[in-house]
Structure formats: C-alpha cells, structure tokens
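Q: Sharing a structure with you now.
The values are calculated or read from the model by the stated rules, or taken from the named source; none is laboratory data. Fair warning: this is a prediction, and the values are worked out from it, not measured in the lab. Counting neighbours? That spans all protein chains shown, and the Cβs are built from the backbone with ideal geometry, glycine included. Surface areas here come from the heavy atoms of the whole protein model, side chains and all, with no ligands, DNA or RNA. Shrake-Rupley method; radii C 1.70, N 1.55, O 1.52, S 1.80 Å.
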Amino acid sequence: MNQNQRLKGQTALVTGANSGIGRAIAVEFAKEGANVVINYVTNKEATEQMLDEIRSFGGIATALEADVSREDQVMAMFRQAIITFGTIDILVNNAGIQRDSAFADMSLEDWLLVLNVNLTGQFLCSREAVREFMRRGLVPERSVSLGKIICISSVHEVIPWAGHANYAASKGGIKLLMESMAQELGPHKIRVNSIAPGAIKTPINKSAWSTPEAEAKLLLLIPYGRVGEPFDIARTAVWLASDESDYVHGASVFVDGGMTLYPGFSTNG
Ligand code: NAD
C-alpha cells in the first residue's frame, strides 16, 4: 500500500485490466486505496492471479468479465460493479487491440473489430460511467469532482501509422471523443482526459522490443533512450485520477519518452 492513499475510498473500473498497461494501472490504483473492478475478456487465470496479488497487500478488488464492444455486456458489468461497491468514481478506458495489415489487404472484419473494441468500447463504458456519476452526485469527502474518465489512447492519436490504419483511426477517434466529452461534461464537474502512451513493453507490441535488434530499432524513435514500462503509465493514471490533477481537463498527456518530438528531424531536416 502506498502511504498517501490518493484514491482512498474511490471505486475505479479499469477495462482490459488483466494484462500490460491495464494490469499496472489496476494494481497501482489498489495500492492507492481504490476499490478496483478488473474488467477482462479472456484469461481468467491471469485475472485470478491479479486478484491474489492485490489482496496480498490488503487491496480491494473484484473481477468482471465483459467484452467492451458489446452494449449488453458493458451495461451488465456496470450494474454489477455498482451492486458490489455502491458506485463508480473513476473509469479507465484501457482495453485495446491491434489487427495490422497493409491497407489494400485490410479486411472489413479487422477494420470493424479494431474500431469496435478501441473506440466504440470507450464510448459504451464512458456513457455508463457518466450516467452513474450523475445519478450519484458529488461526494466531497471522496473527490472534488463528480467523476473522472481516463482514456488510454496512443501517440497514434497524432502520428499516422502505415500498416495500422484501423488502429490509428481508432486512436484519432478517441482524441475527439475525449475532447468532446470533456467540453460537454466539464460543467457537470466530470473530468475527462487521455493518456497517450508511446512504446510500452507489453504483449501487444512484443515483437517490437523482445529482441536486442528490434529494441535498438525502436529506440531510434525515442529521444529519451528507453522503452517505456507499464508502471510509467500507471503512475500517470494515478495522478490523473486523483484530485492532484483537478485542473487538468480535456488533455492528452503524452507519456512517450519524446516519441512525438519527431526525432527523425534531429539529424535529417
Ligand atoms: P495488452 O494486449 O497487454 O492489453 C490489452 C487488454 O485489452 C488485454 O487485457 C485484453 O484482453 C483486453 N481486451 C481486448 N479486447 C477486449 C474487449 N473486447 N473487451 C475487454 N477487454 C479487451 O496491451 P497493452 O499494451 O497493455 O494495451 C492497453 C492499451 O494501451 C490499449 O488501448 C493500447 O492500444 C494502448 N497502448 C499501448 C501501447 C504500447 O506500446 N503497449 C502504446 C500506446 C497505446
């Protein structure tokens, strides 16, 4: 458990939370005193291990299975989470997938799958969270805001990505979804932001960092000289979910070791 317990008494739902970035966020939130809802869609065993880990340091967590791209499953998940913990204070829209291919070969199925999980999933979960924030009202002892939504986007919300048109389109969509929600929901004291990670070592991009050759190539894109770790994102998420960042609203926080500084221009331009 961390000492200052910045999320004490709040309930956080993290989607796609049994792997990579989502896992690190959920564990860190529990260390900061939040009740954590671990959403997962596959790999029950990894989810059980996570629950054991969180409970071993005195954290509070439950796991709920739901495909974030399915409206009925998302609604049922929120209903169950609210029955378990009474409300939701924080949503982290983290679930995401890649189905890469050359543009001319991209199937409609892969286009739709990525858009449905990465973008529609964030819409469906955010809508349920907002409905709950508004139903519950402000609880000043827990937070100065009605609720917080953190969207996990990507540096590819601004950097085009050949061979990944569906993924880049989904992340570009998240940028304006997040900003539109922030504009509309700010007057209700609902805080909405994104974290835009650069290259983080997780299963989604293992081929890009798991051999020394691949990692050296990847580092050419990262001025700060190291590939990110899930904890880099988790620390930022704790801050964005806490009242410490209360005036940060409608922002994409880039956590990317400088990947968005266009490092190719440092020697060529
Ligand atoms: P990951 O593959 O380890 O985790 C993705 C999680 O989403 C998994 O738990 C998976 O089961 C879950 N998921 C997939 N489809 C789902 C669905 N329909 N419903 C619910 N959950 C579902 O990868 P990660 O790197 O931890 O990715 C987490 C987020 O971070 C994604 O949105 C990804 O686009 C984003 N991101 C990752 C990187 C990186 O370098 N790793 C960079 C930028 C953005």
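Q: One residue is enough: does segment 183-199 have a residue meeting the conditions open to solvent by 30 Å² or more (accessible area, probe 1.4 Å), within 23 Å of Ser19 (Cα to Cα) and in contact (Cβ under 8 Å) with a residue 24 or more places away in the chain?
A: No, segment 183-199 contains no residue that is open to solvent by 30 Å² or more (accessible area, probe 1.4 Å), within 23 Å of Ser19 (Cα to Cα) and in contact (Cβ under 8 Å) with a residue 24 or more places away in the chain.
Q: When the residues of segment 147-165 are filtered to those that are of a type outside the set (Val, Ile, Thr) and within 19 Å of the chain's Cα centre (by Cα), which remaining residue is farthest from Tyr247 (Cα to Cα)?
A: His156
Q: Moving on to the next point. Quick check on Arg6: is it away from the ligand (no atom under 11 Å from the Cβ), under 27 Å from Val144 (Cα atoms), of a type in the set (Lys, Arg) and not in a helix (DSSP H, G or I)?
A: yes
Q: Take the residues in segment 77-93 that are free of Cβ contacts under 8 Å to residues at least 60 places away in the same chain and over 15 Å from Val130 (Cα atoms), then tell me which one is farthest from the ligand (Cβ to nearest atom).
A: Ranking the candidates gives Ile83 first.
Q: Does segment 202-214 include one or more residues that are open to solvent by less than 10 Å² (accessible area, probe 1.4 Å) and either at pLDDT below 95 or in contact with a strand residue (DSSP E or B) (Cβ under 9 Å, 6 or more places away or on another chain) (or both)?
A: Within segment 202-214, not a single residue is open to solvent by less than 10 Å² (accessible area, probe 1.4 Å) and either at pLDDT below 95 or in contact with a strand residue (DSSP E or B) (Cβ under 9 Å, 6 or more places away or on another chain) (or both).
Table: residues versus (1) in a helix (DSSP H, G or I); (2) of a type in the set (Asp, Glu); (3) touching a helix residue (DSSP H, G or I) at 6+ places or on another chain (Cβ under 7 Å).
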| residue | (1), (2), (3) |
| --- | --- |
| Ile222 | no, no, yes |
| Phe231 | yes, no, yes |
| Glu244 | yes, yes, no |
| Phe254 | no, no, yes |
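Q: Please identify the pairs in which a residue from segment 151-171 that is in a helix (DSSP H, G or I) has its Cβ atom under 7 Å from the Cβ atom of a residue that is within 11 Å of the ligand (Cβ to nearest atom) and small (Gly, Ala, Ser), counting only partners at least 6 apart or on another chain.
A: Partner pairs satisfying both residue conditions: Val155/Ala196; Val155/Gly198; His156/Ala168; Glu157/Ala196; Lys171/Ser153; Lys171/Ser154.
Q: Another question, then. Go through (1) within 12 Å of the ligand (Cβ to nearest atom); (2) modelled with pLDDT of 95 or more and name the single condition Ser180 misses.
A: Ser180 satisfies all of (1) within 12 Å of the ligand (Cβ to nearest atom); (2) modelled with pLDDT of 95 or more except (1).
Q: State all residues of segment 138-150 that are surrounded by fewer than 19 Cβ atoms within 10 Å (Cβ to Cβ) and either of a type in the set (Lys, Arg) or part of a helix (DSSP H, G or I) (or both); if no residue qualifies, say none.
A: Selection gives Arg142 alone.
Q: Looking at segment 225-236, I want the residues that are under 17 Å from Asn2 (Cα atoms) and touching a residue at least 40 places away in the same chain (Cβ under 8 Å) and have a partner that is acidic (Asp, Glu) and in a helix (DSSP H, G or I) with Cβ atoms under 9 Å, at least 6 apart or on another chain. Which pairs are those?
A: Phe231/Glu28; Ala234/Glu28; Arg235/Glu28
Q: Using the structure shown, decide if Arg55 is basic (Lys, Arg) and either within 16 Å of the ligand (Cβ to nearest atom) or closer than 21 Å to Val114 by Cα (or both).
A: no
Q: Still on this structure, I have one more. Checking Arg135 against (1) open to solvent by less than 30 Å² (accessible area, probe 1.4 Å); (2) part of a helix (DSSP H, G or I): exactly one of these is not met. Which one?
A: Single failed check for Arg135: (1).
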